[in-house]
Amino acid sequence: IGVGLVGFGLFFLLLGILLYFDSVLLAFGNLLFLSGLVFIIGFRRTFTFFFQRPKLKGTSFFFGGLLVVLLRWPILGMLLEAYGFISLFR
């Protein structure tokens, strides 16, 4: 189930970017991706991954970008998410 949710999340993110940053598709893709990650590695490990002390900056940018996408500012939100994603997985 988790791999399918992550796959659909990435598909919706790609489709949202290709359709000129459609905020609904981007938000849906983000939510599917995060829920798939929880299904794959578990809630506790996902929580400890995102909220480690050295990764708080990347986490705040990632979730801030998700919030900005949900508030219908998709380009700014995706830029914030991209910076947060790079900071998290550096």
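The values are calculated or read from the model by the stated rules, or taken from the named source; none is laboratory data. Being a predicted model, the structure only gives us computed values, none of them experimental. Heads up, the Cβs are rebuilt from the backbone with ideal geometry, glycines too, and the neighbour counts pull from every protein chain shown. Side chains included, ligands, DNA and RNA excluded: accessible areas come from the protein's heavy atoms. Shrake-Rupley method; radii C 1.70, N 1.55, O 1.52, S 1.80 Å.
For the stretch 70-82, residues that are open to solvent by less than 40 Å² (accessible area, probe 1.4 Å) and within 16 Å of residue 10 (Cβ to Cβ) total 2. Answer yes if at least one residue in the stretch 5-12 is β-branched (Val, Ile, Thr) and crowded, with 18+ Cβ neighbours inside 10 Å, and no otherwise. There is at least one residue in the stretch 5-12 that is β-branched (Val, Ile, Thr) and crowded, with 18+ Cβ neighbours inside 10 Å. Applying the set (1) under 26 Å from residue 1 (Cβ atoms); (2) touching a helix residue (DSSP H, G or I) at 6+ places or on another chain (Cβ under 6 Å) to residue 80 leaves exactly one unmet item: (1). Residue 1 satisfies every condition listed in (1) open to solvent by less than 50 Å² (accessible area, probe 1.4 Å); (2) over 24 Å from residue 90 (Cβ atoms); (3) not aromatic (Phe, Trp, Tyr) except (1).
Keeping to the stretch 24-33, report how many residues are among the small types (Gly, Ala, Ser) and more than 13 Å from the chain's Cα centre (by Cα).
The total comes to 0.
For the condition more than 13 Å from the chain's Cα centre (by Cα) and hydrophobic (A, V, I, L, M, F, W, C), what is the one hit in 86, 41?
41
Could you check how many residues of the stretch 18-69 are open to solvent by less than 20 Å² (accessible area, probe 1.4 Å) and either outside any helix (DSSP H, G or I) or of a type in the set (Ser, Thr, Tyr) (or both)? The total comes to 3. Are there any pairs with C-beta distances below 6 angstrom linking a residue in the stretch 19-36 that is free of Cβ contacts under 8 Å to residues at least 40 places away in the same chain to a residue that is part of a helix (DSSP H, G or I) and open to solvent by 30 Å² or more (accessible area, probe 1.4 Å), with the two at least 6 apart or on different chains, and if so which? What qualifies is 25/12; 25/15; 28/12; 29/12; 32/5; 32/8; 35/5; 36/5.
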